[in-house]
Amino acid sequence: MSELPVVDVAALFDDDRATRSSVDDAIGSAITSHGAFVVAGMPGSEQLDDLATTALRFFDLPTEAKMAVASRETNPDGPRVYRGYRSSLADGAWAYNQMYDIGPAEPFAAPPVPGMEVFAEQSAWPEQEPCTGWRDAVEGYYAVAKETGFRVMLSAARWAGLDDAELAGEYVEGNSTLRLLDYPTRPDGVRTLSDTDDGVRIAAGAHTDVSGASLLWQRDGGLQAQGPDGEWHDVPRVPNTISVHLGTVLERMTNGRVRATPHRVLDLGVHRQSVGFFVEPNLGARLTPPTTPSPYSGTYGWHLQERFHSMKGFEQLVPAPR
């Protein structure tokens, strides 16, 4: 299996379009050949590994502290649905992992659709930090990933011939998500739904993300992206870089001109950790034409409600949009 190409995106932070065009072309070439790519050279990248490593100290907290900030899928007595800690450390789960989701410091309000307000929740912060400077590291990583993801996503859109200014307007009030991920060593006999009958162990099954773009940092190997030809490519672990996997939201907003990137995580038999960042448009952003009398049908928030309502464990927590 070949590795994803690495693209230096420093020029995307220059306001001159001619300077950015070479990066747009490099990103387009990577999308065409591999479906995804790794980015380096963005402002703040020299701190990326340190920020991610510190942020992941969240999982050092005792179980009680994590449960205190858990979403209701994991802790039925918790006050939140979309933000906070979730655990799927069980036999037969889709992925054998635990995660912690954080949104912007001040979330933007949701459209007036019953149930959509959960996607504009405040983040749930632990009462005591797992280490000195932990929250600063989390917020620092969020800032680097948000700006990088936004500019890289627009670069992919320009390569596809789209108006980046029009697309950018849909992301001005987006509640993008930072996700800390922990994959403990899986005990013998515990399976995921994606494990194959011939013995290939999958920590997280093949999927595409509901986002404009997903930026994934990994401390440990195992992440793979699927190219347009169906081949799986290993995501290399290069210091202070993030891999970019385009999401279903961008695919819909570009009428399929930019395709979402399937990706998965192999279980290599080691304790694995990673950090994801999902670039999200505002909840009222139009993805598809309305399909019901509601003016919000076909929006990003509507799409989120449909998806979460269909997920096991969320059926009663997130109502179907109406």
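VAL172 exposes around 100 Å² of accessible area when a 1.4 Å probe is run over every protein chain in place.
Averaging the sequence gap over all C-alpha pairs within less than 8 Å and six or more residues apart, then dividing by the number of residues, gives the stretch 22-158 a relative contact order of 27 percent. The length gained by stretching the chain between GLU46 and ASP91 to full extension, at 0.36 nm per residue less their Cα-Cα distance, is 12.3 nm.
For ASP195, the amide hydrogen comes within under 5 Å of the amide hydrogens of ILE202, counting only partners 5 or more places away or on other chains and with H modelled in the peptide plane.
Is the chain best put as rounded, prolate or oblate by its Cα gyration tensor, with a ≥ b ≥ c the root eigenvalues, rounded for a/c under 1.5, and otherwise prolate when a/b is larger than b/c, oblate when not? Here the chain falls in the rounded category. Just checking the listed ones, THR19, THR177, THR74: in the Gaussian network model of the chain with Cα springs under 10 Å, the one fluctuating most is THR19. If R0 is taken as 30 Å, the Cβ-Cβ distance between THR53 and PHE13 corresponds to a FRET efficiency of 0.80.
Within the accessible surface of the stretch 230-286, defined with a 1.4 Å probe on protein heavy atoms only, the carbon and sulfur portion equals 45 percent. Derived scalar couplings between HN and Hα for the stretch 100-106 equal 9, 9, 10, x, x, 4, 10 Hz in order, rounded to whole Hz, by the Karplus curve 6.51 cos²θ - 1.76 cosθ + 1.60 (θ = phi - 60°), x for Gly and Pro. For the chain, the 222 nm mean residue ellipticity estimated from helices alone, with every DSSP H stretch of n ≥ 4 adding -39500 (n - 2.57) and the total spread over all residues, rounds to -7500 deg cm²/dmol. Here the relative contact order of the chain, from alpha carbon pairs under 8 Å that lie six or more residues apart, stands at 22 percent. Accessible area per residue for the chain is 43 Å², calculated with a 1.4 Å probe on protein heavy atoms, without ligands, DNA or RNA. Surface listing: ARG20, ARG191 arranged by accessible area from highest to lowest gives ARG191, ARG20, probe 1.4 Å. Expressed as a whole percent, the accessible area of the stretch 46-102 that falls on carbon and sulfur atoms is 46 (1.4 Å probe). Each residue of the stretch 291-304 was assigned a 3J(HN,Hα) from its phi angle through the Karplus curve 6.51 cos²θ - 1.76 cosθ + 1.60 (θ = phi - 60°); the sequence is 10, 9, x, 5, x, 9, 4, x, 8, 4, x, 4, 4, 4 Hz, with glycine and proline shown as x.
Residues whose amide H comes within less than 5 Å of that of LEU246, counting only those at least five positions distant or on another chain, are SER214, THR261 (H built at 1.01 Å from N in the peptide plane). Residues considered: PRO290, PRO184, PRO130. Largest GNM mean-square fluctuation over the chain, using C-alpha springs under 10 Å, is found at PRO290. Of the residues VAL190, VAL249, VAL258, the one that moves most in a GNM of the chain with alpha-carbon contacts below 10 Å is VAL190. Relative to the Cα centre, the charge distribution of the stretch 77-144, modelled as +1 at Lys and Arg Cβ and -1 at Asp and Glu Cβ, gives a dipole magnitude of about 140 debye. Working note: Cα atoms of the stretch 1-88, range along each principal axis, descending, whole Å: 53, 27, 27. The stretch 237-313 and the stretch 113-135 have Cα centres spaced 20 Å apart.
The values are calculated or read from the model by the stated rules, or taken from the named source; none is laboratory data. All of these numbers come straight from a predicted model, not from anything done at the bench. Positions of Cβ are backbone-derived with ideal geometry, glycine not excepted, and every protein chain shown enters the neighbour counts. The accessibility values were calculated without ligands, DNA or RNA, using every heavy atom of the protein model including side chains. Shrake-Rupley method; radii C 1.70, N 1.55, O 1.52, S 1.80 Å.
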